[in-house]
Structures are given as C-alpha cells and as structure tokens.
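Here's the structure, in structure tokens; my notes come after.
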Amino acid sequence: MRDAKPLEEIRSQGKTLAIILRANFRSDTLSFFSPADFSQQLGYLPHKAGKVIPAHFHRRVQREITLTQEVLFIRSGRVRATLYDEDREFVASLELGTGDLIFLCSGGHGFEVLEDSEIIEVKQGPYSGRDSDKIVFESHGKDTGQ
C-alpha cells in the first residue's frame, strides 16, 4: 500500500469499475473524478480558511437511477477490495487503509476485512433488500489476495 498512487482508476471492458482516492491525495484545485452521466458524483473541494460557501438547498430534481454506485470511506483499519468486471471475471485486488476512499462505479466487488475497521458507506437509497438489490456470485478463487 506504501507505493499506491494517490488517485487511481480501475477500468475493464471500457468501463470504470472503481476510483480510489487515497488518504494522501492532495490538490490545490477543485476536482471532480466522475463523469457527468454517473448517478453519483465524487469531487475533491480544497478550501482555504475564511472561504464562505453560501447557504443553499438543492432543488427537487427527478432522476432515473439504473445502477447503484457506492462510496466507501475507510475511517479506520484495513480492508482488501476485490473488483470484477460485468462478466464476473476478476480484475484487481487492492488494499485500502485508514483515510482511503473507494468509489465503486460498475462491475462487481467483494471485501475482506484485514483488521478491525470502521467503514462509512454512501449510496443511493432506499435499500430494497438483498434479493432485489444485489446479485451474489462466487469468485472462483481468482483473487490471489496480493
């Protein structure tokens, strides 16, 4: 994990499976990492002390969500994320640590908790139940854990 890039995008079959924002990511500029057509947006907003963001609310806008996308923030601990393409084929395995964030954009994913961890999850809701919201599949041992 020491040599991990501060910002990484995992792609397969022309699609973004995940965007990883490491705890050590820094930038002086506002950046959005997700394309405008994603149902979830991931941005980095650096601000200097004294910046004022005016009070506001968001208008009610009807949107059609066809794919649940998740953002997981590793508040503490270590977790191994395993990523699969839409054909359920293994693509990548990576370790996430305290302060890291992963945006799960498409494809499949699984996790192994390597040490006691606190994970904050953000995704579209409401959750409609495991049988209607998820397809659980066997990974066929393709993840070597490395």
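We did not get these values from a lab; they are worked out from the coordinates using the rules stated. Computed from a prediction, not measured in an experiment: that's the story for all the values here. A quick note on method: Cβ atoms are made from the backbone with ideal geometry, for glycine too, and the neighbour counts reach across all protein chains shown.
Side notes on the structure shown:
- Qualifying GluC sites (Glu not before Pro) in segment 109-138, where qualification requires a DSSP coil assignment and no more than 13 other C-beta atoms within 10 Å, comprise E138.
- Distance between the pseudo-spin-label points of S76 and D28 (7 Å out from Cα toward the beta carbon): 3.6 nm.
- For the chain, a crude dipole built from +1 on the beta carbon of Lys and Arg and -1 on the beta carbon of Asp and Glu, taken about the Cα centre, is about 740 debye to the nearest 20.
- In terms of the mean number of neighbouring beta-carbon atoms within 10 Å, the peptides 30-38, 98-106, 84-92 order highest first as 98-106, 84-92, 30-38.
- Once divided by 2.2 N^0.38 Å, the Cα radius of gyration of the chain becomes 1.13.
- Over segment 1-75, the ratio between the Cα radius of gyration and 2.2 N^0.38 Å evaluates to 1.35.
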